[in-house]
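Student: What follows is a structure written as structure tokens; I'll ask about it next.
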Amino acid sequence: MNDNALNIYVCGVGGFGIGSVTNILSKAASLKGLDAIGSETHGLAQRGGVVVSTLRIGRDLTGSPLIIKGTADIVFSLEPLEALRAIPFMKKQGTVIYNTQRFQPLSVRLGMAHYPPLNEIEDELRKVSGQVIPVAASARAKELGLSESANVIMLGILTRKNLLPFDLETMKEAVKQATPPKYLDINLKALEAG
């Protein structure tokens, strides 16, 4: 793998916009003249199953689009427990950003498993991550009337923290290119809110 690649591991449950995140990031990479290669794995995505998408951004990328364990610069999780499950993929002292909205897996709902409290999840993430960014993205999106755009709010935060190789104008253009017209205004507002 190209050592100059930015490796982003995106995870969560189906219906939260994981594919949209990687699509927007791929468009932004293209606008900046960078390569972007990725892969997406769907669990029972339409039923709230686990979805993982990997994206490698850089110049002259070679090799697999998959991110191997211990190489993700950024873990972008739209669900806290999935952020915890992604720890093995994170580079030592990488960044993890996660939505604090919990989505209980079926095993938890049936009483067969335990969902750890958010503070325990954050404590575990801080043991391996150089930067942990918990975001009440779903709650913020709801406040703004943008309930389906928690993912774009989180992209706005990463952009403002200069953790991506794109400025806000590039991200706005990427959102315009990647978003269906019906949702464009909502996603642009969400990016600004991030």
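The values are calculated or read from the model by the stated rules, or taken from the named source; none is laboratory data. Values in this document were obtained by computation on a predicted structure and should not be read as measured data. Ideal geometry is used to build each Cβ from the backbone, glycine not excepted, and the neighbour counts take in all protein chains shown. What goes into the accessible areas is simple: the full protein's heavy atoms, side chains included, and nothing from ligands, DNA or RNA. Shrake-Rupley method; radii C 1.70, N 1.55, O 1.52, S 1.80 Å.
Student: In the set (i) 1.20; (ii) 0.97; (iii) 1.26, which value of Cα Rg over 2.2 N^0.38 Å was calculated from the structure you see?
Tutor: Label of the calculated value: (ii).
Student: Would you mind counting up the charge near I74? Only other residues with Cβ under 13 Å from its Cβ, with Lys and Arg at +1 and Asp and Glu at -1. Let's see the in-between values first.
Tutor: Details: positive: R56, K91, K161; negative: D73.
Spelling it out: positives minus negatives among the neighbours equals +2.
Student: Then there is this: With an 8 Å cut-off on Cα pairs and a minimum separation of 6 or more residues, tell me the relative contact order of the range 141-194 in percent.
Tutor: On the way: 50 pairs, mean separation 26.5, N = 54.
Once normalised by length, the contact order is 49 percent.
Student: Would you mind calculating the relative contact order of the chain from Cα pairs under 8 angstrom and at least 6 residues apart, reporting the percent as a whole number?
Tutor: On the way: 402 pairs, mean separation 40.6, N = 194.
Relative CO of the chain lands at 21 percent.
Student: For K32, enumerate residues with amide H under 5 Å from its amide H, sequence gap 5+ or separate chain, H modeled in the peptide plane.
Tutor: none
Student: What ³J(HN,Hα) values, in whole Hz, does the Karplus curve 6.51 cos²θ - 1.76 cosθ + 1.60 give for the range 72-81 when θ = phi - 60°, with x put for Gly and Pro?
Tutor: 6, 6, 10, 9, 10, 10, 8, 7, x, 5
Student: Also, quick follow-up: Antiparallel DSSP bridges in the range 22-152: what percent, to the nearest 5? Could you put the intermediate results ahead of the total?
Tutor: Details: 8 of 18 bridges.
In the range 22-152, approximately 45 percent of DSSP beta bridges are antiparallel ones.
Student: How large is ³J(HN,Hα), in whole Hz, for each residue of the range 85-96 in order, when computed from phi with the Karplus curve 6.51 cos²θ - 1.76 cosθ + 1.60 and θ = phi - 60°, using x for Gly and Pro?
Tutor: Taking θ as phi minus 60°, the curve returns 5, 7, 3, x, 7, 6, 5, 4, 6, x, 10, 10 Hz for the range 85-96.
Student: When the solvent-accessible surface of protein heavy atoms is calculated with a 1.4 angstrom probe, in what order do S30, S129 fall, highest first? Intermediate results must be reported in sequence, preceding the final value.
Tutor: Values: S30 85, S129 10 Å².
Ranked list, largest accessible area first: S30, S129.
Student: Just report the Cα centroid separation between the range 163-194 and the range 112-129, whole Å.
Tutor: Cα centroid of the range 163-194 versus Cα centroid of the range 112-129: 30 Å apart.
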